[in-house]
Amino acid sequence: MEARAIQRTVRQSARKMRLVIDQIRGRAVPEAYAILRFSKKLAAKQIHKVLKSAVANAQQRAQRENEPLDVDRLRVRYAVVNEGSTLKRFTSAAMGRATPILKRTSHVEIHVASDAAPKAAAPALSPSTAAEAKPKAQPKATAGKAKPAKKKKASAGAKTRRGSK
């Protein structure tokens, strides 16, 4: 079961939000909630909202498809923060000039998916295929071998021009 949530035009720069989103990528949802709850970054609050929405979307999808879903088994599979549109403002400066202010926004996207059931054990190999599957031992290089000489690069001053003395 996979679900996603996207929040667009969050009024915080993508660079600041990426610091937080990198901490939860690939983690279990309960662990990600704990990281976001105790983070001092302001971006953690917005990312927590998006994660909560993605989990709710997964629950709704499971309910719609009549499938069991354990929220504690969900993992953050994909989490990115992209740059949104930049709001351009100006403030007054000395001698009648104006200096630009860039108010950056970002788009947060989080995908959660449930862990697959424990995988079945790999099929046992028959003795004939097991022998073929083993990598053959490579002979080790002897320590006494001489290394090939490297070519020397010609220096810039060594180049000669034809016709000039």
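No lab work stands behind these numbers, since they all come straight from the coordinates. Just so we're clear, the structure is a prediction, and the values are computed from it rather than from any experiment. When we count neighbours, we look across all protein chains shown, and the Cβ atoms used for this are built from the backbone with ideal geometry, even at glycine.
The aspartates and glutamates within cross-link reach of LYS103, meaning a Cα-to-Cα straight distance under 17 Å and a gap of 8 or more places when in the same chain, are GLU83. Here's the picture: charge each Lys and Arg Cβ at +1 and each Asp and Glu Cβ at -1 in the range 2-114, and of THR9, LEU36, ASN57 the one pushed furthest to the positive end of that dipole is THR9. Couplings 3J(HN,Hα) of the range 26-31, computed from phi: x, 8, 6, 4, x, 5 Hz, in residue order, whole Hz [Karplus 6.51 cos²θ - 1.76 cosθ + 1.60, θ = phi - 60°; x for Gly and Pro].
Considering the dipole of the range 2-114 built from charges on the beta carbon (Lys and Arg +1, Asp and Glu -1) around the Cα centre, which of ALA113, SER85, LEU69 is farthest to its positive end? Checked the options; the winner is SER85. The charge dipole of the range 2-114, taken about its Cα centre with unit charges on the Cβ atoms of Lys, Arg (+1), Asp and Glu (-1) only, comes to about 760 debye.
What net charge is computed for the residues neighbouring LYS88, neighbours being all others with C-beta under 15 Å from the C-beta of LYS88, Lys and Arg scored +1, Asp and Glu -1? So the surrounding residues net to +3. Using only the C-alpha atoms, the convex hull of the range 2-114 corresponds to 89 Å³ per residue.
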